[in-house]
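The structure under discussion appears below in the form of structure tokens.
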Amino acid sequence: MVNRSTKIAVLFDFDGVVVDTETQYTQFWDAVGEKYLDKKNFGRLIKGTTLKQIFERYFSTVAECQEQIKSDLNVFEKQMSYDFIAGVEDFIRELRQKEVPCAIVTSSNRQKMNRVLKVHPELPTLFDAIFIAEDFKKSKPDPDCFLLGMRHFGVEPQNTIVFEDSLMGLKAGDASGALVIGITTTLTEEQMEGLAVATFPNFTQITLSGILEIKKELDEK
């Protein structure tokens, strides 16, 4: 059990951190970018942002395109697989055993997460809370979503560990003051430099003691 005198909490992004969906989403949004905007690699450009944010930023003047994209996305998400990132289930179970509160903090909306819960009905038992796009006013890279998680658990930023994979998410975690760990399912280790204190390809080599050791080293600097 973690020393209660220093309460910590762990906040997980969802896509690319808990479930292995980022490659699938990249393919979808790359196709959207080429079809409607004549823009390549659009999928990487919008990583970590909400659907509302994407529409406001790139499709504000073409409402008919928004409806078609929403329809296509709905069909696409029904066909997606939501496999867990390697090792993440074991790490979450370790957090539960050691009574460390943890939550999902995602830019995904309620419709998408309801679909995920049909595939993984166990998620509410693995996490103490699940925060979705409708729960916060500002989207990543604004830190609002992670600050919400901190307030929920009553922890200070310096005692919060954030796991992220996207540029927007990493920036949000960094701006929140949390200890940010990068999972390199979307970006390379080099692309995360300066935004994550450590990077891992998945959770197979991540333990709570290892993360706390990283935190201790940073606190002593």
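Since every read-out is calculated from the coordinates, none of them should be taken as a lab result. Nothing here was measured: the structure is a model prediction, and the numbers come from that model. When we count neighbours, we look across all protein chains shown, and the Cβ atoms used for this are built from the backbone with ideal geometry, even at glycine.
Where a Cα-Cα gap under 15 Å defines reach, which aspartates and glutamates qualify for Lys35, not counting those fewer than 8 residues away within the same chain?
Counting by Cα, and skipping residues close in sequence, Lys35 has these aspartates and glutamates nearby: Glu64, Glu67, Asp72.
Write out the GluC sites (Glu not before Pro) in the range 4-111 meeting two conditions: DSSP loop, and at most 13 other Cβ atoms within 10 Å of their Cβ.
Working: sites: Glu22, Glu34, Glu56, Glu64, Glu67, Glu77, Glu89, Glu94, Glu99; in loops: Glu99.
Within the range 4-111, the qualifying GluC sites (Glu not before Pro) (loop, at most 13 other Cβ atoms within 10 Å) are Glu99.
Describe numerically, in nm with one decimal, the distance between label points set 7 Å from Cα along Cα→Cβ at Gln27 and at Asn109.
Result for the modelled spin labels: 2.3 nm.
Let's see if you can work this out: charge +1 on each Lys and Arg Cβ, -1 on each Asp and Glu Cβ, no other charges. What is the dipole magnitude of the chain about its Cα centre, in debye to the nearest 20? It would help to have the intermediate numbers written out before the result.
On the way: 26 positive and 34 negative charges, 113 e Å.
Rounded to the nearest 20 debye, it is 540 debye.
Taking a point 7 angstrom from the Cα of Phe59 along the C-beta vector, which residues in the range 67-87 have backbone N less than 12 Å away?
Counting backbone N atoms under 12 Å from the label point, the list is 67-75.
Checking the a/c ratio against 1.5 first, then a/b against b/c, what shape does the Cα gyration tensor give for the range 22-79? Mind dumping the intermediate values first?
On the way: a/c = 1.41, a/b = 1.14, b/c = 1.24.
Verdict is rounded for the range 22-79.
Kindly write out, for the range 180-197 in residue order, the coupling ³J(HN,Hα) from the Karplus curve 6.51 cos²θ - 1.76 cosθ + 1.60 (θ = phi - 60°), rounded to whole Hz, with x marking Gly and Pro.
So the Karplus estimates, Gly and Pro as x, are 9, 10, x, 10, 8, 8, 10, 10, 7, 4, 5, 5, 8, 4, x, 10, 10, 7 Hz.
Classify the range 116-196 as rounded, prolate or oblate from the Cα gyration tensor: take a ≥ b ≥ c as the square roots of its eigenvalues, call it rounded if a/c is under 1.5, otherwise prolate when a/b beats b/c and oblate if not.
Values: a/c = 1.73, a/b = 1.26, b/c = 1.38.
Oblate, since a/c reaches 1.5 and b/c is not below a/b.
Between Lys138 and Glu193, what is the label-to-label distance in nm when each label sits 7 Å out along the Cα-to-Cβ direction?
Between Lys138 and Glu193, the simple spin-label model gives 2.9 nm.
List the relative contact order of the range 22-79 as a percent without decimals, with contacts defined as Cα pairs under 8 Å and 6+ residues apart. Write out the running numbers ahead of the final one.
Details: 28 pairs, mean separation 15.3, N = 58.
In percent, rounded to a whole number, it is 26.
What residues qualify as long-range amide H neighbours of Val162, i.e. H under 5 Å apart, gap of 5 or more or another chain, H built at 1.01 Å from N?
Leu11, Leu179, Val180, Ile181
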